[in-house]
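Let me begin by presenting the structure, written as structure tokens, before commenting on it.
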């Protein structure tokens, strides 16, 4: 994968976004590689790494964004969690809202103004001592919702100080990656798939990445 580029064709460019790189910065990189202005189909929070798709023209952007908002994109986030979810594999659903005072996501009654629903499934992949590797399957990309939800089920993400995941280590990256992405290739029947493996450092190295991702 040259220069973090998964795909670069006449309609889209797909890049690997490292953790702690903003969408503004990764978009600037995409513009430089594409030789023109591109627009992201969705955003990833700065703390999360993974696959990002950019459209090169308005028609492609409209097509891909419609598919995204219709729930046709398939995302698999992986997170290293402190502890293990109370139920190791399940569906999760909650109504939430961003609390501007506490500056984080919080529960809110369904009928309250501004309530948004989080809904996805998750599975504990592997456990090593006091941490676990958890996969979240979803059709949207809001990493902070994943961070809130995993904390809510008793397994905050390693390094995530906002949601209580810094008990084992301070001042470390939030161990959250958008690893797998799958979506239909415009009018074709086949699907495009992309994989951004976790970084080769702690806490990811505590798990058998080669086996888990069948390298």
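FYI, it's all coordinate maths here, none of it is from the lab. For clarity, every value in this text was computed on a predicted model and none was experimentally measured. Cβ coordinates were reconstructed from backbone atoms using ideal geometry, including for glycine residues, and neighbour counts include every protein chain displayed.
For segment 2-209, the extents of the C-alpha atoms along the principal axes are 46, 43, 35 Å, listed from largest to smallest. Sorted into 5 angstrom bins from 0, the C-alpha pair distances of segment 163-208 split as 5, 16, 19, 17, 13, 10, 8, 8, 4, 1 percent. Of the peptides 184-197, 30-43, the ranking by mean beta-carbon count within 10 Å, highest at the top, reads 30-43, 184-197. The spacing between segment 28-88 and segment 108-180, judged by their C-alpha centroids, is 17 Å. Report note on the peptides 198-204, 113-119: ranked by the mean count of other C-beta atoms within 10 Å, highest first, their order is 198-204, 113-119.
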